[in-house]
Amino acid sequence: MPFRTNRTTLTQYLIEERRRYPGASGDFNALILDVAMACKQISKAVAYGELAGLHGEHNAEEGGSINIQGEAQKKLDVLSNDLFIKTNEWGGHLLGMASEEMDDPLDIPEGYPKGRYLLVFDPLDGSSNIDVNVSVGSIFSILRAADDEPTPISHEAFLQPGSKQVAAGYALYGPSTMLILTVGNGVVGFTLDPTLGEFMLTHPNLTIPEDTQEFAINTSNSRFWEAPVKRYVDECLAGKTGPRGKDFNMRWIASMVAEAHRILMRGGVFMYPRDTKDPSKAGKLRLLYEANPVGMIMEQAGGRASTGHVPVLDVKPSGLHQRIGLVFGSKNEVERIERYHAEPQKSRDSEIPLFAERSLFRD
Ligand code: P6P
């Protein structure tokens, strides 16, 4: 392997970015480095897997544990959450944290200084894939606390639209561990050098192709989809013989970070739309620590992230664990899906069955 001596580390990238803001205190950079440290530690734990007895359910011998999402927690879900807390609580950059794995926000413990940022994270996304050794990831979002934000930290402090994020990113624990980051000036990618323990800049300017021939959706939910989603997927499946005039490929990894990374690298569109499967839920994915950070990455890379109706970054959150329908990826495809949602919906029985387009998914 040719030994390159000129690679940029994450630290160097952050310091060079900070020179654009002479008044910067360095707090922001230090926070991102603490988040990166958490991801490095999670990367190591995920890599050890069952070698360290880390597969399986958390507290299995006591019947397991269920998080606020109603999901059984894996051992690595809980460990990853603890690692995020332990590496970020002491630095003096945060006023509080919120996590998919915790019902309520977490205050900075007495004895540690407090800062002006809020960290929101999904410590291990896609953890149903852990025990079968499929790529998983961590997702994080950084917001600013209001200057007069009181403590103990409230849910309301975090309920800011995604457009207020000052940074967002994810770590992908795949064949290599990567950190994908935006601080509002495009999207960059770092690859972990495990011998150095450093994230090295390997993708200095990630942009998403505006068009694609690849879509990702959990097709087992097709009978619950709303009409615009059915129409879009049907047209993709009709391929050359249908209105799109080209064939499409389909992917579904059930690990959003892995889907997002594939789309960031080669284009594509991801859909986890609002559907009728559970009318009490406005979607499966969570707004604050899944949709918003991934949405910022997609928009910063020239892609688009939407609820199907509006840009996801414009949504004012109503709750810490709010769920939302999410479509993101290649700009032209997401805009097409939004157009389908904007068209007046034909009532299903108005179609004349004889001429209704035959579809694999039309019930
Ligand atoms: P399904 C993982 O649990 C997750 O939140 C996303 O990472 C992933 O895209 C989705 O849920 C998978 O959902 O219904 O296919 O299991």
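One residue stands out in the stretch 280-291 among those that are hydrophobic (A, V, I, L, M, F, W, C) and more than 21 Å from Val183 (Cα to Cα): the one that is nearest to the ligand (Cβ to nearest atom), namely Leu285.
I need the full set of residues from the stretch 179-194 which are touching a His at 6+ places or on another chain (Cβ under 9 Å) and either more than 21 Å from Arg4 (Cβ to Cβ) or open to solvent by 20 Å² or more (accessible area, probe 1.4 Å) (or both), in order please. Let's see the steps before the verdict.
Pass one, the stretch 179-194, residues touching a His at 6+ places or on another chain (Cβ under 9 Å): 180, 187-191.
Matches in the stretch 179-194: Val187, Thr191.
Beta carbons closer than 9 Å, at least 6 apart along the sequence or on distinct chains, pair a first residue in the stretch 1-28 that is in contact (Cβ under 8 Å) with a residue 12 or more places away in the chain with a second that is assigned to a loop (DSSP other than H, G, I, E, B) and open to solvent by 80 Å² or more (accessible area, probe 1.4 Å) for Thr8/Pro204; Thr9/Leu196; Tyr13/Pro204; Asp27/Arg116; Phe28/Tyr21. If the condition is being open to solvent by less than 30 Å² (accessible area, probe 1.4 Å), within 13 Å of the ligand (Cβ to nearest atom) and touching a Leu at 6+ places or on another chain (Cβ under 9 Å), then the stretch 263-279 contributes Phe270, Met271, Pro273.
Does Val294 satisfy the condition of being part of a helix (DSSP H, G or I), more than 14 Å from the ligand (Cβ to nearest atom), outside the structural domain of Gly174 (by TED's automatic domain parsing) and crowded, with 20+ Cβ neighbours inside 10 Å? It is false that Val294 is part of a helix (DSSP H, G or I), more than 14 Å from the ligand (Cβ to nearest atom), outside the structural domain of Gly174 (by TED's automatic domain parsing) and crowded, with 20+ Cβ neighbours inside 10 Å.
Restricting attention to the stretch 100-152 and to residues that are acidic (Asp, Glu) and in contact with a strand residue (DSSP E or B) (Cβ under 7 Å, 6 or more places away or on another chain), the residue that is nearest to the ligand (Cβ to nearest atom) turns out to be Asp125. Among the residues of the stretch 47-63, write down those that are under 24 Å from His321 (Cβ atoms) and either open to solvent by less than 30 Å² (accessible area, probe 1.4 Å) or within 19 Å of the chain's Cα centre (by Cα) (or both). None - no residue of the stretch 47-63 is under 24 Å from His321 (Cβ atoms) and either open to solvent by less than 30 Å² (accessible area, probe 1.4 Å) or within 19 Å of the chain's Cα centre (by Cα) (or both), so the list stays empty.
The set of residues in the stretch 242-260 that are within 18 Å of Ser135 (Cα to Cα), surrounded by 16 or more Cβ atoms within 10 Å (Cβ to Cβ) and of a type in the set (A, V, I, L, M, F, W, C) comprises Ile253, Met256, Val257, Ala258, Ala260.
Considering only the stretch 297-338, state which residues are of a type in the set (Asp, Glu) and either assigned by TED's automatic domain parsing to the domain that holds Val187 or open to solvent by 10 Å² or more (accessible area, probe 1.4 Å) (or both). Reasoning before the result, please.
Within the stretch 297-338, the subset of a type in the set (Asp, Glu) is 299, 314, 333, 335, 338.
Glu299, Asp314, Glu335, Glu338 - these are the residues of the stretch 297-338 that are of a type in the set (Asp, Glu) and either assigned by TED's automatic domain parsing to the domain that holds Val187 or open to solvent by 10 Å² or more (accessible area, probe 1.4 Å) (or both).
Of all residues in the stretch 10-19, how many are over 12 Å from Val183 (Cα atoms) and either open to solvent by 90 Å² or more (accessible area, probe 1.4 Å) or among the polar types (S, T, N, Q) (or both)? Number satisfying all stated conditions: 3.
For the stretch 246-262, the set of residues classified as more than 14 Å from the chain's Cα centre (by Cα), basic (Lys, Arg) and within 13 Å of the ligand (Cβ to nearest atom) consists of Arg251 only. Within the stretch 129-169, the set of residues being farther than 25 Å from His261 by Cβ and in a strand (DSSP E or B) comprises just one member, Arg144.
Taking the criterion of being surrounded by 20 or more Cβ atoms within 10 Å (Cβ to Cβ) and over 17 Å from Gly295 (Cβ atoms), would at least one residue in the stretch 137-148 satisfy it? Give the derivation first.
Filtering the stretch 137-148 for residues surrounded by 20 or more Cβ atoms within 10 Å (Cβ to Cβ) gives 137-143, 145.
Still in the running and over 17 Å from Gly295 (Cβ atoms): 145.
Yes - at least one qualifying residue is present in the stretch 137-148.
Of all residues in the stretch 153-175, those satisfying the criterion of being surrounded by 21 or more Cβ atoms within 10 Å (Cβ to Cβ) and either among the charged types (D, E, K, R) or within 14 Å of the ligand (Cβ to nearest atom) (or both) are Tyr170, Ala171, Leu172, Tyr173.
The values are calculated or read from the model by the stated rules, or taken from the named source; none is laboratory data. Here the structure is a predicted model, which is why all the values come from computation and not from measurement. Methodologically, a virtual Cβ is constructed for each residue, glycine included, from the backbone with ideal geometry; neighbour enumeration extends over all protein chains shown. Areas reflect the complete protein model, heavy atoms only, side chains present, ligands, DNA and RNA absent. Shrake-Rupley method; radii C 1.70, N 1.55, O 1.52, S 1.80 Å.
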